[in-house]
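Notes follow the structure.
The values are calculated or read from the model by the stated rules, or taken from the named source; none is laboratory data. For clarity, every value in this text was computed on a predicted model and none was experimentally measured. Glycine also receives a Cβ, built like all others from the backbone with ideal geometry; neighbour counts cover every protein chain displayed. These area figures cover heavy atoms from the full protein model, side chains too; ligands, DNA and RNA do not enter into them. Shrake-Rupley method; radii C 1.70, N 1.55, O 1.52, S 1.80 Å.
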Amino acid sequence: LVRLAHSAQASSFRQRLESALDLLAMKATITAVSELPVYVKETLRKNEGKLALCSSDLTSEEKNLMIRMFNEDWSFPFAETDTLTHICSAGCCESTAICRQKIRTCLGACFSRLFECPLLYRWKAVTPACIYTLRGLTFRKLLVYVWQATMSADFDQDFDKMPDIDDADVSPALRQKIRMGKVLDLLQSPETIDALAKTLVLSQPLVWYMDQASLLETVRHRIRLRAQGLTLPNSTSDRESLMKMSLEFLTGDAGNACICLFYEFLVSPPDSPFDLDFHSCVRLAIMALCDAWRRLVMPFQCNPFQFLKVATMSEDDAVLFIKSQQRESSACTDCEDPFFTKAGQLSETLFAGELQQLHCTPCQRATVQMESLLLGPMLEHRALFDHVEDEVLSLSKQKVHRLLRNRTLNSTGNSATFMRRKATIRPSAQGKRGLLGNLLP
(Lines give C-alpha, C1' and ligand atoms only; values in the text may rest on other atoms or scores of the structure.)
Protein backbone atom coordinates (compact mmCIF):
# COMPACT_ATOMS: atom_id res chain seq x y z
CA LEU A 1 0.00 0.00 0.00
CA VAL A 2 2.90 2.34 0.67
CA ARG A 3 4.34 1.58 -2.77
CA LEU A 4 0.91 2.13 -4.32
CA ALA A 5 0.64 5.57 -2.74
CA HIS A 6 4.15 6.54 -3.88
CA SER A 7 3.52 5.28 -7.40
CA ALA A 8 0.29 7.28 -7.68
CA GLN A 9 2.12 10.54 -6.96
CA ALA A 10 3.73 10.61 -10.42
CA SER A 11 2.05 12.96 -12.90
CA SER A 12 2.37 10.41 -15.71
CA PHE A 13 0.43 7.91 -13.61
CA ARG A 14 -2.42 10.37 -13.12
CA GLN A 15 -2.63 11.07 -16.84
CA ARG A 16 -2.65 7.38 -17.77
CA LEU A 17 -5.20 6.66 -15.04
CA GLU A 18 -7.66 9.25 -16.35
CA SER A 19 -7.13 8.01 -19.91
CA ALA A 20 -7.84 4.42 -18.87
CA LEU A 21 -11.04 5.45 -17.07
CA ASP A 22 -12.20 7.48 -20.09
CA LEU A 23 -11.62 4.47 -22.35
CA LEU A 24 -13.58 2.17 -20.03
CA ALA A 25 -16.57 4.54 -20.01
CA MET A 26 -16.41 4.98 -23.77
CA LYS A 27 -16.41 1.23 -24.50
CA ALA A 28 -19.07 0.32 -21.93
CA THR A 29 -21.87 -1.92 -23.17
CA ILE A 30 -25.38 -0.61 -22.52
CA THR A 31 -28.29 -3.06 -22.68
CA ALA A 32 -31.77 -1.48 -22.62
CA VAL A 33 -34.61 -3.45 -21.01
CA SER A 34 -38.11 -2.54 -19.94
CA GLU A 35 -37.63 -4.00 -16.46
CA LEU A 36 -34.66 -5.42 -14.59
CA PRO A 37 -34.63 -9.24 -14.57
CA VAL A 38 -34.85 -11.12 -11.30
CA TYR A 39 -31.22 -12.26 -11.42
CA VAL A 40 -30.09 -8.64 -11.80
CA LYS A 41 -32.00 -7.62 -8.67
CA GLU A 42 -30.30 -10.45 -6.77
CA THR A 43 -26.94 -9.31 -8.13
CA LEU A 44 -27.64 -5.77 -6.94
CA ARG A 45 -28.25 -7.05 -3.43
CA LYS A 46 -24.94 -8.96 -3.40
CA ASN A 47 -23.01 -6.03 -4.83
CA GLU A 48 -24.47 -3.70 -2.23
CA GLY A 49 -23.27 -6.00 0.54
CA LYS A 50 -19.74 -6.02 -0.86
CA LEU A 51 -19.63 -2.27 -1.33
CA ALA A 52 -20.88 -1.57 2.22
CA LEU A 53 -17.52 -2.52 3.73
CA CYS A 54 -15.38 -0.34 1.44
CA SER A 55 -17.46 2.76 0.75
CA SER A 56 -17.02 4.97 3.81
CA ASP A 57 -15.26 7.60 1.69
CA LEU A 58 -18.18 7.81 -0.77
CA THR A 59 -21.36 9.82 -0.38
CA SER A 60 -24.74 8.10 -0.33
CA GLU A 61 -25.49 9.46 -3.83
CA GLU A 62 -22.22 8.04 -5.18
CA LYS A 63 -22.85 4.64 -3.60
CA ASN A 64 -26.38 4.43 -4.98
CA LEU A 65 -25.20 5.53 -8.42
CA MET A 66 -22.38 2.98 -8.42
CA ILE A 67 -24.74 0.15 -7.45
CA ARG A 68 -27.26 1.20 -10.10
CA MET A 69 -24.80 1.73 -12.97
CA PHE A 70 -22.58 -1.32 -12.32
CA ASN A 71 -25.42 -3.82 -11.99
CA GLU A 72 -23.45 -6.77 -13.37
CA ASP A 73 -21.94 -9.59 -11.32
CA TRP A 74 -18.78 -8.30 -9.61
CA SER A 75 -17.36 -11.74 -8.90
CA PHE A 76 -16.01 -12.27 -12.44
CA PRO A 77 -12.55 -10.71 -12.96
CA PHE A 78 -12.29 -8.09 -15.68
CA ALA A 79 -10.27 -9.29 -18.68
CA GLU A 80 -8.46 -7.14 -21.22
CA THR A 81 -11.04 -7.91 -23.91
CA ASP A 82 -14.05 -7.32 -21.63
CA THR A 83 -16.17 -4.20 -21.34
CA LEU A 84 -18.25 -2.79 -18.52
CA THR A 85 -21.93 -3.67 -18.83
CA HIS A 86 -24.89 -1.61 -17.69
CA ILE A 87 -28.40 -3.05 -17.88
CA CYS A 88 -30.51 0.09 -18.32
CA SER A 89 -34.16 -0.20 -17.36
CA ALA A 90 -36.92 2.22 -18.30
CA GLY A 91 -36.39 5.63 -16.69
CA CYS A 92 -32.78 4.94 -15.68
CA CYS A 93 -30.86 7.04 -18.24
CA GLU A 94 -32.19 9.64 -20.69
CA SER A 95 -29.67 8.86 -23.43
CA THR A 96 -26.56 6.85 -24.18
CA ALA A 97 -24.33 9.90 -23.68
CA ILE A 98 -25.78 10.56 -20.22
CA CYS A 99 -25.36 6.88 -19.35
CA ARG A 100 -21.67 6.94 -20.29
CA GLN A 101 -21.25 10.16 -18.34
CA LYS A 102 -22.72 8.50 -15.24
CA ILE A 103 -20.39 5.50 -15.69
CA ARG A 104 -17.42 7.87 -15.94
CA THR A 105 -18.54 9.64 -12.74
CA CYS A 106 -18.68 6.32 -10.90
CA LEU A 107 -15.23 5.32 -12.17
CA GLY A 108 -13.82 8.66 -11.03
CA ALA A 109 -15.32 8.27 -7.56
CA CYS A 110 -13.95 4.74 -7.33
CA PHE A 111 -10.40 5.20 -8.67
CA SER A 112 -9.49 8.88 -9.12
CA ARG A 113 -9.61 9.79 -5.42
CA LEU A 114 -6.27 8.44 -4.27
CA PHE A 115 -5.11 8.31 -0.67
CA GLU A 116 -2.14 9.73 1.19
CA CYS A 117 0.83 7.54 1.94
CA PRO A 118 0.01 5.36 4.99
CA LEU A 119 2.31 5.08 7.99
CA LEU A 120 2.10 1.44 9.01
CA TYR A 121 4.00 1.79 12.28
CA ARG A 122 1.44 4.35 13.50
CA TRP A 123 -1.59 2.95 11.64
CA LYS A 124 -2.12 6.37 10.05
CA ALA A 125 -4.05 6.58 6.76
CA VAL A 126 -4.08 2.76 6.55
CA THR A 127 -7.88 2.47 6.53
CA PRO A 128 -8.37 4.77 3.48
CA ALA A 129 -5.68 2.79 1.65
CA CYS A 130 -7.42 -0.51 2.45
CA ILE A 131 -10.80 0.90 1.41
CA TYR A 132 -9.48 2.14 -1.94
CA THR A 133 -7.68 -1.11 -2.76
CA LEU A 134 -10.45 -3.44 -1.60
CA ARG A 135 -13.10 -1.52 -3.57
CA GLY A 136 -10.99 -1.68 -6.73
CA LEU A 137 -10.49 -5.43 -6.32
CA THR A 138 -14.07 -6.17 -5.26
CA PHE A 139 -15.47 -4.60 -8.41
CA ARG A 140 -14.41 -7.34 -10.87
CA LYS A 141 -10.74 -6.78 -9.91
CA LEU A 142 -10.89 -3.74 -12.14
CA LEU A 143 -8.00 -2.15 -10.24
CA VAL A 144 -5.65 -4.78 -11.73
CA TYR A 145 -6.70 -3.81 -15.26
CA VAL A 146 -6.45 -0.09 -14.51
CA TRP A 147 -3.04 -0.53 -12.90
CA GLN A 148 -1.73 -2.43 -15.90
CA ALA A 149 -3.03 0.32 -18.18
CA THR A 150 -0.94 2.89 -16.29
CA MET A 151 2.29 0.90 -16.68
CA SER A 152 4.76 1.24 -19.52
CA ALA A 153 4.60 -1.20 -22.42
CA ASP A 154 8.16 -2.51 -21.90
CA PHE A 155 7.53 -3.59 -18.32
CA ASP A 156 9.31 -6.72 -17.18
CA GLN A 157 7.89 -8.43 -14.08
CA ASP A 158 11.02 -10.50 -13.43
CA PHE A 159 12.07 -8.86 -10.14
CA ASP A 160 15.14 -11.08 -9.77
CA LYS A 161 16.83 -9.25 -12.62
CA MET A 162 16.00 -5.80 -11.27
CA PRO A 163 18.26 -3.88 -8.87
CA ASP A 164 17.33 -2.94 -5.33
CA ILE A 165 14.88 -0.05 -5.16
CA ASP A 166 16.87 1.54 -2.32
CA ASP A 167 20.09 1.61 -4.36
CA ALA A 168 21.32 5.18 -4.80
CA ASP A 169 22.35 4.50 -8.40
CA VAL A 170 18.83 3.53 -9.47
CA SER A 171 17.18 6.21 -11.59
CA PRO A 172 13.76 7.58 -10.58
CA ALA A 173 12.16 6.07 -13.69
CA LEU A 174 13.50 2.59 -12.91
CA ARG A 175 12.55 2.98 -9.25
CA GLN A 176 8.99 3.83 -10.29
CA LYS A 177 8.97 0.84 -12.64
CA ILE A 178 10.05 -1.57 -9.89
CA ARG A 179 7.58 -0.08 -7.44
CA MET A 180 4.62 -0.43 -9.81
CA GLY A 181 5.62 -4.00 -10.62
CA LYS A 182 5.57 -5.00 -6.96
CA VAL A 183 2.17 -3.32 -6.53
CA LEU A 184 0.84 -5.31 -9.49
CA ASP A 185 2.13 -8.49 -7.89
CA LEU A 186 0.23 -7.60 -4.70
CA LEU A 187 -3.01 -6.84 -6.58
CA GLN A 188 -2.85 -10.13 -8.46
CA SER A 189 -2.30 -12.17 -5.29
CA PRO A 190 -5.38 -14.28 -4.36
CA GLU A 191 -4.88 -13.53 -0.66
CA THR A 192 -5.07 -9.73 -0.96
CA ILE A 193 -8.86 -9.41 -0.86
CA ASP A 194 -9.13 -11.68 2.17
CA ALA A 195 -6.44 -9.76 4.09
CA LEU A 196 -7.92 -6.33 3.28
CA ALA A 197 -11.45 -7.44 4.18
CA LYS A 198 -10.29 -8.81 7.55
CA THR A 199 -8.44 -5.58 8.25
CA LEU A 200 -11.50 -3.42 7.59
CA VAL A 201 -13.93 -5.70 9.45
CA LEU A 202 -11.80 -5.88 12.60
CA SER A 203 -10.85 -2.19 12.56
CA GLN A 204 -14.41 -0.85 12.33
CA PRO A 205 -14.88 -0.51 16.14
CA LEU A 206 -11.55 1.30 16.45
CA VAL A 207 -12.41 3.55 13.51
CA TRP A 208 -15.68 4.44 15.25
CA TYR A 209 -13.76 5.26 18.45
CA MET A 210 -11.31 7.52 16.59
CA ASP A 211 -14.17 9.24 14.76
CA GLN A 212 -15.78 10.03 18.11
CA ALA A 213 -12.45 11.38 19.40
CA SER A 214 -12.13 13.55 16.30
CA LEU A 215 -15.68 14.82 16.80
CA LEU A 216 -14.84 15.70 20.40
CA GLU A 217 -11.84 17.73 19.27
CA THR A 218 -13.98 19.48 16.64
CA VAL A 219 -16.56 20.46 19.26
CA ARG A 220 -13.81 21.76 21.55
CA HIS A 221 -12.27 23.74 18.69
CA ARG A 222 -15.57 25.35 17.73
CA ILE A 223 -16.31 26.37 21.31
CA ARG A 224 -12.90 28.06 21.45
CA LEU A 225 -13.72 29.94 18.25
CA ARG A 226 -17.08 30.97 19.67
CA ALA A 227 -15.34 32.34 22.77
CA GLN A 228 -13.31 34.55 20.42
CA GLY A 229 -16.42 35.85 18.67
CA LEU A 230 -16.32 33.48 15.67
CA THR A 231 -19.42 31.35 15.20
CA LEU A 232 -19.55 28.84 12.37
CA PRO A 233 -22.83 28.51 10.46
CA ASN A 234 -25.05 25.59 11.48
CA SER A 235 -22.86 24.92 14.53
CA THR A 236 -24.78 23.53 17.51
CA SER A 237 -21.80 22.81 19.77
CA ASP A 238 -22.23 23.89 23.38
CA ARG A 239 -20.42 23.32 26.66
CA GLU A 240 -22.92 20.72 27.86
CA SER A 241 -22.29 18.49 24.86
CA LEU A 242 -18.54 19.02 25.23
CA MET A 243 -18.65 18.01 28.89
CA LYS A 244 -20.76 14.93 28.12
CA MET A 245 -18.49 13.77 25.29
CA SER A 246 -15.35 14.40 27.33
CA LEU A 247 -16.69 12.37 30.24
CA GLU A 248 -17.42 9.46 27.92
CA PHE A 249 -13.73 9.23 27.05
CA LEU A 250 -12.29 10.08 30.47
CA THR A 251 -14.45 7.57 32.32
CA GLY A 252 -14.08 4.71 29.81
CA ASP A 253 -17.68 4.76 28.54
CA ALA A 254 -16.54 5.35 24.96
CA GLY A 255 -14.11 2.46 25.31
CA ASN A 256 -16.91 0.21 26.57
CA ALA A 257 -19.00 1.17 23.53
CA CYS A 258 -16.08 0.13 21.33
CA ILE A 259 -15.91 -3.19 23.19
CA CYS A 260 -19.63 -3.70 22.53
CA LEU A 261 -19.02 -3.35 18.79
CA PHE A 262 -16.48 -6.17 18.96
CA TYR A 263 -18.98 -8.24 20.96
CA GLU A 264 -21.69 -7.67 18.35
CA PHE A 265 -19.31 -8.98 15.70
CA LEU A 266 -18.58 -12.10 17.75
CA VAL A 267 -22.25 -12.96 18.27
CA SER A 268 -23.29 -12.14 14.69
CA PRO A 269 -23.97 -14.96 12.19
CA PRO A 270 -20.81 -16.21 10.40
CA ASP A 271 -21.73 -14.84 6.98
CA SER A 272 -19.76 -12.36 4.90
CA PRO A 273 -19.99 -11.18 1.28
CA PHE A 274 -16.24 -11.85 0.99
CA ASP A 275 -16.40 -15.47 2.25
CA LEU A 276 -13.99 -14.81 5.12
CA ASP A 277 -12.75 -17.57 7.39
CA PHE A 278 -14.91 -17.01 10.45
CA HIS A 279 -12.63 -18.94 12.83
CA SER A 280 -9.57 -16.85 12.00
CA CYS A 281 -11.66 -13.67 12.29
CA VAL A 282 -12.89 -14.71 15.75
CA ARG A 283 -9.34 -15.26 16.97
CA LEU A 284 -8.24 -11.86 15.68
CA ALA A 285 -11.39 -10.18 17.04
CA ILE A 286 -10.77 -11.53 20.55
CA MET A 287 -7.19 -10.28 20.45
CA ALA A 288 -8.37 -6.85 19.28
CA LEU A 289 -11.13 -6.79 21.93
CA CYS A 290 -8.71 -7.57 24.76
CA ASP A 291 -6.18 -5.01 23.60
CA ALA A 292 -8.90 -2.37 23.17
CA TRP A 293 -10.10 -2.98 26.73
CA ARG A 294 -6.52 -2.72 28.02
CA ARG A 295 -5.96 0.61 26.26
CA LEU A 296 -9.39 2.27 26.19
CA VAL A 297 -11.15 1.06 29.35
CA MET A 298 -8.76 -0.22 32.01
CA PRO A 299 -6.68 3.02 32.42
CA PHE A 300 -9.88 4.94 33.28
CA GLN A 301 -11.23 2.55 35.92
CA CYS A 302 -9.23 4.16 38.74
CA ASN A 303 -10.58 6.86 41.02
CA PRO A 304 -9.06 9.97 39.46
CA PHE A 305 -11.15 9.42 36.36
CA GLN A 306 -14.23 7.90 37.99
CA PHE A 307 -14.56 10.92 40.27
CA LEU A 308 -15.17 13.09 37.18
CA LYS A 309 -18.68 11.66 36.98
CA VAL A 310 -19.76 14.02 39.76
CA ALA A 311 -19.75 16.83 37.16
CA THR A 312 -23.17 15.70 35.91
CA MET A 313 -24.62 14.66 39.31
CA SER A 314 -26.66 16.53 41.84
CA GLU A 315 -25.15 17.38 45.22
CA ASP A 316 -26.77 14.46 47.06
CA ASP A 317 -25.93 11.95 44.33
CA ALA A 318 -22.34 13.22 44.24
CA VAL A 319 -21.92 12.65 48.00
CA LEU A 320 -23.27 9.11 47.76
CA PHE A 321 -21.11 8.35 44.74
CA ILE A 322 -17.94 9.62 46.40
CA LYS A 323 -18.64 7.59 49.55
CA SER A 324 -19.24 4.43 47.51
CA GLN A 325 -16.00 4.96 45.62
CA GLN A 326 -14.17 5.48 48.90
CA ARG A 327 -15.55 2.26 50.37
CA GLU A 328 -14.63 0.23 47.28
CA SER A 329 -11.10 1.61 47.11
CA SER A 330 -10.34 1.43 50.83
CA ALA A 331 -11.14 -2.30 50.92
CA CYS A 332 -8.01 -3.05 48.89
CA THR A 333 -4.62 -1.47 49.51
CA ASP A 334 -3.62 -2.05 45.89
CA CYS A 335 -6.64 -0.11 44.63
CA GLU A 336 -6.32 2.79 47.04
CA ASP A 337 -5.00 6.01 45.59
CA PRO A 338 -3.70 8.27 48.39
CA PHE A 339 -4.27 11.45 46.37
CA PHE A 340 -7.89 10.84 45.41
CA THR A 341 -9.49 8.38 47.83
CA LYS A 342 -9.29 11.06 50.52
CA ALA A 343 -12.09 12.81 48.67
CA GLY A 344 -14.51 10.32 50.16
CA GLN A 345 -13.24 11.09 53.67
CA LEU A 346 -13.48 14.83 53.03
CA SER A 347 -16.93 14.73 51.45
CA GLU A 348 -18.74 15.27 54.76
CA THR A 349 -16.57 18.26 55.55
CA LEU A 350 -16.81 19.56 52.00
CA PHE A 351 -20.60 19.60 51.85
CA ALA A 352 -21.04 20.67 55.50
CA GLY A 353 -19.70 24.12 54.75
CA GLU A 354 -16.38 23.67 56.60
CA LEU A 355 -14.25 24.58 53.61
CA GLN A 356 -12.04 26.76 55.79
CA GLN A 357 -10.55 23.60 57.31
CA LEU A 358 -9.21 22.50 53.95
CA HIS A 359 -5.83 23.77 52.91
CA CYS A 360 -4.03 23.32 49.65
CA THR A 361 -0.35 23.68 48.92
CA PRO A 362 0.42 25.93 45.94
CA CYS A 363 2.13 24.18 43.06
CA GLN A 364 5.79 24.93 42.58
CA ARG A 365 6.98 26.71 39.48
CA ALA A 366 7.86 24.21 36.78
CA THR A 367 9.29 24.29 33.30
CA VAL A 368 5.98 23.02 31.90
CA GLN A 369 4.18 26.03 33.34
CA MET A 370 6.69 28.44 31.80
CA GLU A 371 6.38 26.79 28.41
CA SER A 372 2.58 26.84 28.58
CA LEU A 373 2.69 30.65 28.74
CA LEU A 374 3.98 30.58 25.18
CA LEU A 375 2.43 27.39 23.88
CA GLY A 376 -1.11 28.36 24.90
CA PRO A 377 -1.25 31.56 22.78
CA MET A 378 0.61 29.78 19.98
CA LEU A 379 -1.98 27.00 19.79
CA GLU A 380 -4.85 29.50 19.92
CA HIS A 381 -3.23 31.55 17.16
CA ARG A 382 -2.71 28.42 15.07
CA ALA A 383 -6.36 27.40 15.46
CA LEU A 384 -7.58 30.89 14.56
CA PHE A 385 -5.21 31.04 11.59
CA ASP A 386 -6.46 27.68 10.27
CA HIS A 387 -10.07 28.80 10.63
CA VAL A 388 -9.44 31.99 8.64
CA GLU A 389 -7.62 30.00 5.95
CA ASP A 390 -10.52 27.57 5.63
CA GLU A 391 -13.03 30.39 5.31
CA VAL A 392 -11.00 32.46 2.81
CA LEU A 393 -9.17 29.88 0.70
CA SER A 394 -11.73 27.04 0.88
CA LEU A 395 -10.87 24.39 -1.73
CA SER A 396 -7.82 26.32 -2.98
CA LYS A 397 -6.00 25.97 0.35
CA GLN A 398 -3.69 23.14 -0.73
CA LYS A 399 -2.88 24.85 -4.03
CA VAL A 400 -1.94 28.10 -2.26
CA HIS A 401 0.28 26.18 0.18
CA ARG A 402 2.12 24.52 -2.70
CA LEU A 403 2.73 27.88 -4.33
CA LEU A 404 3.92 29.50 -1.11
CA ARG A 405 6.25 26.57 -0.40
CA ASN A 406 8.22 27.43 -3.55
CA ARG A 407 8.73 31.07 -2.57
CA THR A 408 12.10 32.09 -1.12
CA LEU A 409 13.19 35.12 0.89
CA ASN A 410 15.29 37.72 -0.86
CA SER A 411 18.82 38.49 0.28
CA THR A 412 18.08 41.79 1.99
CA GLY A 413 19.60 42.63 5.34
CA ASN A 414 16.52 42.03 7.45
CA SER A 415 15.68 38.67 5.84
CA ALA A 416 19.29 37.49 6.08
CA THR A 417 19.40 38.40 9.75
CA PHE A 418 16.10 36.60 10.29
CA MET A 419 17.38 33.45 8.59
CA ARG A 420 20.55 33.45 10.67
CA ARG A 421 18.51 33.78 13.86
CA LYS A 422 16.22 30.92 12.83
CA ALA A 423 19.17 28.72 11.92
CA THR A 424 20.63 29.03 15.44
CA ILE A 425 18.66 26.69 17.71
CA ARG A 426 19.79 26.54 21.28
CA PRO A 427 19.11 23.31 23.19
CA SER A 428 18.10 25.14 26.36
CA ALA A 429 16.78 28.43 27.66
CA GLN A 430 18.37 30.02 30.72
CA GLY A 431 19.97 26.73 31.63
CA LYS A 432 16.70 24.75 31.53
CA ARG A 433 15.97 22.23 28.83
CA GLY A 434 12.58 22.34 27.17
CA LEU A 435 10.55 23.78 24.35
CA LEU A 436 11.63 27.34 25.15
CA GLY A 437 15.01 26.62 23.64
CA ASN A 438 13.39 26.25 20.23
CA LEU A 439 11.02 29.19 20.59
CA LEU A 440 13.14 32.02 21.94
CA PRO A 441 15.55 33.90 19.59
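Tell me yes or no: at least one residue of segment 19-35 is polar (S, T, N, Q), assigned to a helix (DSSP H, G or I) and either at pLDDT below 85 or within 16 Å of Gln148 (Cα to Cα) (or both).
yes
Residues in segment 377-400 that are modelled with pLDDT under 70 and under 23 Å from the mean Cα position of the chain (by Cα): how many?
Number of matching residues: 2.
For segment 187-285, give me every one of the helices (runs of 4 or more DSSP H) that falls completely inside it and has 2 or more residues that are touching a Gly at 6+ places or on another chain (Cβ under 6 Å). Write out each step before concluding.
Numbers: elements: 192-227, 239-250, 253-267.
Hits in segment 187-285: none.
Those residues that are in a helix (DSSP H, G or I) and either touching a strand residue (DSSP E or B) at 6+ places or on another chain (Cβ under 7 Å) or open to solvent by less than 50 Å² (accessible area, probe 1.4 Å) (or both), I need them from segment 3-18; list them, please.
Leu4, Ala5, Ser7, Phe13, Leu17
Answer yes or no: is there a residue in segment 84-100 that is among the polar types (S, T, N, Q), farther than 30 Å from Leu174 by Cβ and within 27 Å of the chain's Cα centre (by Cα).
no
Output yes when any residue across segment 313-326 is within 25 Å of the chain's Cα centre (by Cα), buried (at least 16 other Cβ atoms within 10 Å of the Cβ) and not aliphatic (A, V, I, L, M), and no when none is.
The answer is no, given that none of the residues of segment 313-326 is within 25 Å of the chain's Cα centre (by Cα), buried (at least 16 other Cβ atoms within 10 Å of the Cβ) and not aliphatic (A, V, I, L, M).
Go through (1) open to solvent by less than 70 Å² (accessible area, probe 1.4 Å); (2) touching a Ser or Thr at 6+ places or on another chain (Cβ under 8 Å); (3) more than 19 Å from Leu1 (Cβ to Cβ) and name the single condition Ser203 misses.
All conditions are met except number (3).
When the residues of segment 117-137 are narrowed to those that are open to solvent by 10 Å² or more (accessible area, probe 1.4 Å), of a type outside the set (A, V, I, L, M) and within 11 Å of the chain's Cα centre (by Cα), which ends up modelled with the lowest pLDDT?
The residue in question is Trp123.
Does Thr81 qualify as being surrounded by fewer than 16 Cβ atoms within 10 Å (Cβ to Cβ), under 16 Å from Val144 (Cβ atoms) and among the β-branched types (Val, Ile, Thr)? Walk me through it before giving the result.
On the way: surrounded by fewer than 16 Cβ atoms within 10 Å (Cβ to Cβ): yes; under 16 Å from Val144 (Cβ atoms): yes; among the β-branched types (Val, Ile, Thr): yes.
So Thr81 passes the test.
What pairs come up if the first residue lies in segment 282-305 and is more than 16 Å from Leu247 (Cα to Cα), the second is of a type outside the set (A, V, I, L, M) and open to solvent by 40 Å² or more (accessible area, probe 1.4 Å), and their beta carbons are under 6 Å apart, counting only those six or more places apart or on different chains?
Every condition considered, the pairs that remain are Ala285/Phe265.
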